[in-house]
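Below you'll find the structure, written out as structure tokens, and then a few comments.
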Amino acid sequence: MKNTLIIHPKDESTSFLRQIYNTKKNVSVVSGNITKKDLLNRILEHDNIIMMGHGSSEGLLAVNQFDTESPYIVDSSFTDVLTRKENAIYIWCNANEFVDKFGLKGFYTGMFISEVGEAYFCGLPGTKQVEVDESNFCFSNLVSQHINCDLENMYVKVRERYGLVAEWNPIAKYNHNRIFFNS
């Protein structure tokens with residue numbers, strides 16, 4: 001088995017997430033240009049799976065980067081394989097609904113504000129780009145710092161330290177309440 005597979009569809013609006021894996025060794029990054037079947041086979045070959053980008057309760061969006069007719073690159077067709085992966089990370093909006101619906105394990109997020117427009121949509125009018133940027137950077141930096149821990153320990157440390165940012169940053173406060181772990 002190979003070590004870590006990163007599934008991060010190429011999209012400039014989620015480029016801040018690259019910080020999580022840019023300096024990591026033994027990772028394979030998939031950002032597009034493969035089929036769902038090929039991606040499923042790559043998931044089978046890896047011990048750890050990190051999926052991140054834009055998504056919904058239905059899965060991780062392909063954002064027109066993959067060879068699929070579906071809007072999703074990771075969806076319910078992947079759950080049989082993902083149920084066997086205990087070291088999975090799901091970072092996309094409403095990943096909690098996807099993870100909970102299929103009884104998956106790992107570190108995951110709920111609705112996660114990463115853009116000013118999302119802040120307005122989530123009831124935080126007046127949000128400034130600097131607040132979103134600070135939240136994005138701090139979250140990604142903390143996940144990166146603790147990515148080599150077991151996932152429960154990573155969850156505890158990210159929640160604890162991101163919680164400090166949440167004391168003054170309303171975006172971090174909103175997101176902090178939407179970070180989860182399931183073993």
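The values are calculated or read from the model by the stated rules, or taken from the named source; none is laboratory data. Since this is a predicted model, take the numbers as computed values, not measurements. Virtual Cβ from ideal backbone geometry, glycine too; neighbours counted across all protein chains shown.
Quickly run through segment 39-74 and pick out the residues that are under 26 Å from Asn148 (Cα atoms) and among the acidic types (Asp, Glu).
Glu45, Asp47
Out of the residues in segment 157-183 that are without any contact (Cβ under 8 Å) to a residue 12 or more places away in the chain and assigned to a helix (DSSP H, G or I), state the one that is surrounded by the fewest Cβ atoms within 10 Å (Cβ to Cβ).
Among those residues, the one meeting the criterion is Glu160.
Which ones in segment 23-71 are touching an Asp or Glu at 6+ places or on another chain (Cβ under 6 Å) and without any contact (Cβ under 8 Å) to a residue 40 or more places away in the chain?
Residues satisfying the conditions are Thr35, Gly59.
Which numbered condition trips up Asn87, out of (1) of a type in the set (S, T, N, Q); (2) touching a Gly at 6+ places or on another chain (Cβ under 6 Å); (3) closer than 16 Å to Phe181 by Cβ?
Answer for Asn87: the failing condition is (2).
Each row is one residue, and each column tells you yes or no for (1) small (Gly, Ala, Ser); (2) farther than 30 Å from Lys128 by Cβ; (3) in contact with a strand residue (DSSP E or B) (Cβ under 7 Å, 6 or more places away or on another chain).
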site: Arg42; (1), (2), (3): no, yes, yes
site: Trp92; (1), (2), (3): no, no, yes
site: Asp100; (1), (2), (3): no, yes, no
site: Met111; (1), (2), (3): no, no, no
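Could you say whether any residue in segment 114-124 is of a type in the set (S, T, N, Q) and buried (at least 16 other Cβ atoms within 10 Å of the Cβ)?
There is at least one residue in segment 114-124 that is of a type in the set (S, T, N, Q) and buried (at least 16 other Cβ atoms within 10 Å of the Cβ).
Residues of segment 126-140 being within 21 Å of Tyr21 (Cβ to Cβ) and surrounded by fewer than 17 Cβ atoms within 10 Å (Cβ to Cβ), which ones?
Selection gives Asp133, Glu134, Phe137.
Give Phe107, Phe102 a once-over and let me know the one that is surrounded by fewer than 17 Cβ atoms within 10 Å (Cβ to Cβ) and aromatic (Phe, Trp, Tyr).
The conditions single out Phe102.
If I ask for residues that are in contact with a strand residue (DSSP E or B) (Cβ under 7 Å, 6 or more places away or on another chain), part of a loop (DSSP other than H, G, I, E, B) and surrounded by fewer than 19 Cβ atoms within 10 Å (Cβ to Cβ), which ones from segment 1-20 would you list?
Passing the criteria: only Met1.
For Ile20, only one of the following conditions fails: (1) out of contact with any helix residue (DSSP H, G or I) (no Cβ under 8 Å at 6 or more places or on another chain); (2) β-branched (Val, Ile, Thr); (3) under 20 Å from Asp150 (Cα atoms). What is its number?
The one condition Ile20 does not meet is (1).
Looking at segment 78-90, can you tell me whether even one residue there is within 24 Å of Gly117 (Cβ to Cβ), in contact (Cβ under 8 Å) with a residue 40 or more places away in the chain and surrounded by 14 or more Cβ atoms within 10 Å (Cβ to Cβ)?
no
Quickly run through segment 137-183 and pick out the residues that are modelled with pLDDT of 95 or more, of a type in the set (A, V, I, L, M) and within 15 Å of the chain's Cα centre (by Cα).
Passing the criteria: Leu142, Val143, Leu151, Met154, Val158, Ile179.
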